[in-house]
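**Q** Take this structure first; my questions come after.
What follows draws every value from the coordinates through simple rules; no lab data is involved. Only a predicted model underlies this, so the values are computations on that prediction, with no experimental measurement involved. A quick note on method: Cβ atoms are made from the backbone with ideal geometry, for glycine too, and the neighbour counts reach across all protein chains shown.
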Amino acid sequence: MSSPIRQCRIATKDGEAMAPAVWLGQHLAVTIPCDKARKFPVVRGQWAITHRGTGLSAGRLFTSKANAIKIAKAWDSKFAYVTETGNGHNWPHKEAWGNVVRGINYPCATGREDSSDSTATAGELAARAGIPIDQAGGSLKIQWRGEFWPAPSDSDLEFWTFDSVCETPDGRTVEPDHPASWLRILRLV
């Protein structure tokens, strides 16, 4: 007799879906990332750590399943605040969690000095996605719909990752998975 498939509720563009979970904790789950068609393709080395209370991804990691589970177990109790409040705006561990996710996904960038106005992560993501960037004048700009827009800061990206809204390059407020959100443009969602 086979064991039942464990599932975790996740937030999607159209509402919610149930994702296969390889580990379920009290506040977090490790799931296979969901694509925009609510399909769960197996992408070797990519795992989503999902906050069980909100269904939002607490981080998408490019690592082994064992390492994703180890990280989720280590951080599970720290996400109690997010469960209690329903958001991560004032979560005391927000910066440390962002550093963990960045350190795993961008190990070469961990030695750089982080500052609240750094746009290094947006530049790395744009370059990885093949999106044209412009660094003339000392400020990073990313091309979107034929125009170059000021890149979001690392703190903006981190904030939007935990929030239920995100900005577009032209300043509109949309859901994080909206096609024009910075998180979607930079392929974080």
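**Q** Expressed as a whole number of Å, what is the distance separating the alpha-carbon centroids of region 116-189 and region 60-105?
**A** Comparing the Cα centres of region 60-105 and region 116-189, I get a distance of 21 Å.
**Q** For a quick check: with amide H placed at 1.01 Å from N, whose amide H comes under 5 Å from GLN7's, ignoring anything fewer than 5 positions away on the same chain?
**A** ALA21
**Q** Please compute the net charge surrounding GLN26, taking Lys and Arg as +1 and Asp and Glu as -1 over other residues with Cβ under 13 Å from its Cβ.
**A** Net local charge, GLN26 excluded: +1.
**Q** For the pair VAL22/ALA66, report the inter-label distance in nm, with labels modelled 7 Å from Cα in the Cβ direction.
**A** Placing both labels 7 Å beyond Cα along the Cβ direction yields 1.1 nm.
**Q** Along region 17-31, what does the Karplus equation 6.51 cos²θ - 1.76 cosθ + 1.60 (θ = phi - 60°) give for ³J(HN,Hα), rounded to whole Hz, x for Gly and Pro?
**A** 8, 9, 10, x, 10, 9, 7, 10, x, 6, 10, 10, 9, 9, 10
**Q** For PHE148, list long-range residues whose amide hydrogen, built 1.01 Å from N in the peptide plane, is under 5 Å from its own amide hydrogen.
**A** none
**Q** Oh, and also: Rank the residues HIS89, HIS51 as a footprinting-exposure proxy: fewest other Cβ atoms within 10 Å of their Cβ go first.
**A** Going from sparsest to densest Cβ surroundings: HIS89, HIS51.
**Q** Just in region 126-178: which trypsin sites (Lys or Arg not before Pro) are loop by DSSP and have at most 13 other Cβ atoms within 10 Å?
**A** When the trypsin sites (Lys or Arg not before Pro) of region 126-178 are filtered for loop state and at most 13 Cβ neighbours within 10 Å, ARG145, ARG172 remain.
**Q** Please give the contour-minus-distance gain from GLN46 to GLN143: 0.36 nm per residue of separation, less the Cα-Cα distance, rounded to one decimal in nm.
**A** Here the segment from GLN46 to GLN143 would lengthen by 32.3 nm.
**Q** Amide H of THR63 versus every other amide H placed in the peptide plane: which residues, excluding those fewer than 5 positions away on the same chain, fall under 5 Å?
**A** GLN46, TRP47
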